[in-house]
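In what follows, a structure is listed as C-alpha cells, so that the remarks can point back to it.
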Amino acid sequence: MGQFADIRPYDDSEVPSVIQSLLADKEFLQAVARLKLGRWYKVFSLIAVPLVREVLRRQLNTVTTIRDFQGIIKQYMDELVDRTVSGFTVSGLSGLDPQKPYLFISNHRDIALDPAFINYALYHNDHDTVRIAIGDNLLTKTYVSDLMRINKSFIVKRSEKGPRQILAAYKLLSRYIRHSIEEDNNPIWIAQREGRAKDGVDRTEPAIIKMIAMSQHKKTESFSQFINKLHIVPVAISYELDPCDGAKAKELYEKSEFGSYEKSENEDVESIAKGIAGTKGHVHVSFGTPISGEFEDAEQVANAIDRQIVGSYVLHPSNFIAYKMLHGEYPAGVYSAQGLDFNIDELAVVERDFSRRIAALPESHQKFALGIYANTIDSKSKLAS
C-alpha cells in the first residue's frame with residue numbers, strides 16, 4: 001500500500017494518534033460545538049469547546065479501529081436522520097451480495113451526505129461500508145482531512161498543476177480503485193461527476209469512466225472485461241428537500257446572468273454544514289444492478305449508469321409541485337408504476353409550504369430553484385420516450 005500512502009484512508013494502526021490530534025484541534029472542536037449548539041453557540045462559546053472536548057473524549061475513549069470509529073459515526077447519523085429526515089427508505093440492496101465488493105457510482109446532490117446515506121444504508125443492512133472518493137479541494141483544514149480519512153475516505157487530487165502531474169494523479173487513483181476492489185475486497189463510492197448536479201440533471205461524465213479505466217491491463221483484458229470486473233452498481237439518491245437549493249439557485253442565476261460564478265473561500269465547507277443541518281424531508285437510496293455486458297467505450301458505460309440512476313430515482317411531492325409551478329400543470333401520470341406513496345391529486349395539501357420555501361428566495365433565483373426539483377421529471381420523460 002506504500003504507493004497509495006498519499007491518498008489512501010487511514011488504517012487501524014493510525015486511529016489512536018488521529019483521534020488524539022482531533023481532540024487537540026481547537027478549530028475542530030469549535031466546528032462541532034457550532035453544529036451541536038446552533039444559534040446558542042455564541043451564548044455558550046466560553047465553555048463550549050472544553051465541554052465538547054470532554055464529551056468527545058468519552059465517546060472516543062474505546063475507539064481503536066476504523067470500524068469502532070464508524071460505530072460512532074453511525075450514532076451521529078442516527079441522530080441526524082431523526083432530526084432532519086422525515087423518512088429514510090432503501091431499495092435494491094436485497095439483490096446485492098454482502099460479501100462482494102462493488103464500485104458504487106451515484107448521482108451527486110450533496111457534498112457529504114450522498115456517500116454518508118449510502119454508507120448508512122449499507123451499515124444497517126449488514127453490508128461493508130464504502131471507501132469514499134473525496135476531492136482535495138474540500139480538505140482545506142487538517143481536521144477535515146483527518147475526519148475524512150479515518151472514515152474510509154481516499155483523496156482525489158484535483159489541485160495538481162500541469163498535464164503530467166494531473167495524469168499521474170489520475171493513474172494512481174485508478175490503480176487504487178482497482179486495488180481496493182480486487183485486492184482489499186472493499187467497496188468504493190465515487191460520484192458520477194465532478195461537482196454536484198446543481199440543476200437537478202443527473203448525468204455521468206464519461207471522463208470519470210475514462211479515469212477509472214486507466215488501470216485496465218490492455219494486453220490481457222478488453223475494455224468490457226475490465227468494466228465487468230469492477231462490479232459497477234449505479235445508485236440513485238433522492239432528497240425531498242435540498243437544504244442547499246437557495247445557494248445552488250444563486251449560483252445558477254449568476255452563471256446565467258453574468259456567465260460565471262466565483263465561490264467564496266469557505267463556500268464548500270458552508271455547503272457541507274448546511275446540508276448536514278438542514279431539513280431534507282424524505283430521503284430514498286435506490287441501489288441498482290451491476291453493470292455488465294459489452295461496451296465499446298466510456299460513453300456507453302456512462303449511458304448504462306444513467307439509465308439506472310434516472311430510472312430508479314424516486315420522486316417526491318416536491319418534484320411534482322416544482323414542475324407544476326414551472327409549467328402550470330402536473331406532468332402526465334407516466335409514473336403510476338413508480339410505487340409512490342402519494343397521489344398527485346393530494347399534492348395541494350403540501351404545496352403551500354413548498355411554495356413559501358421558493359417564495360422566500362429572490363425572485364430572479366426562483367425558476368432555478370424550481371428546476372433543481374423539476375428537472376428530474378424531465379430526465380425521466382426523456383428516458384421513457
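The values are calculated or read from the model by the stated rules, or taken from the named source; none is laboratory data. Every value quoted in this text rests on a predicted model; they were computed, and no experiment measured them. With ideal geometry, Cβ positions are generated from the backbone for all residues, glycine too; neighbour counts draw on all protein chains shown.
Per the conditions (1) of a type outside the set (D, E, K, R); (2) in contact with an Asp or Glu (Cβ under 7 Å, 6 or more places away or on another chain); (3) in a helix (DSSP H, G or I), the sole criterion not satisfied by TYR253 is (2).
Given the criterion among the acidic types (Asp, Glu), farther than 30 Å from ARG356 by Cα and loosely packed, with under 14 Cβ neighbours inside 10 Å, identify the matching residue among GLU205, GLU194, GLU183, GLU257. Answer to the selection: GLU183. Comparison of PHE44, PHE69 shows that the only residue that is touching a residue at least 12 places away in the same chain (Cβ under 8 Å) and out of contact with any strand residue (DSSP E or B) (no Cβ under 6 Å at 6 or more places or on another chain) is PHE69.
Among the residues of segment 28-76, those that are in a helix (DSSP H, G or I) and β-branched (Val, Ile, Thr) comprise VAL32, ILE47, VAL49, VAL52, VAL55, ILE66, ILE72, ILE73. Restricting attention to segment 124-138, the residues that are of a type outside the set (Val, Ile, Thr) and either buried (at least 19 other Cβ atoms within 10 Å of the Cβ) or in a helix (DSSP H, G or I) (or both) add up to 7. Check whether at least one residue in segment 40-48 is of a type in the set (Ser, Thr, Tyr), out of contact with any Gly (no Cβ under 6 Å at 6 or more places or on another chain) and closer than 19 Å to SER145 by Cα, and report yes or no. Within segment 40-48, not a single residue is of a type in the set (Ser, Thr, Tyr), out of contact with any Gly (no Cβ under 6 Å at 6 or more places or on another chain) and closer than 19 Å to SER145 by Cα.
Note on segment 358-377: residues that are surrounded by 13 or more Cβ atoms within 10 Å (Cβ to Cβ) and either in contact with a Gly (Cβ under 9 Å, 6 or more places away or on another chain) or not in a helix (DSSP H, G or I) (or both) total 9. Within segment 294-316, residues that are surrounded by 15 or more Cβ atoms within 10 Å (Cβ to Cβ) have Cβ atoms under 7 Å from residues that are of a type in the set (Lys, Arg) and at pLDDT 95 or above in these pairs: ALA298/LYS210; ASP306/ARG203, counting only partners at least 6 apart in sequence or on another chain.
For segment 152-171, filtered to residues that are buried (at least 17 other Cβ atoms within 10 Å of the Cβ) and either polar (S, T, N, Q) or over 19 Å from the mean Cα position of the chain (by Cα) (or both), the residue that is farthest from ILE105 (Cα to Cα) is ALA169.
Here SER91 fits the description: buried (at least 16 other Cβ atoms within 10 Å of the Cβ) and in contact with a strand residue (DSSP E or B) (Cβ under 9 Å, 6 or more places away or on another chain).
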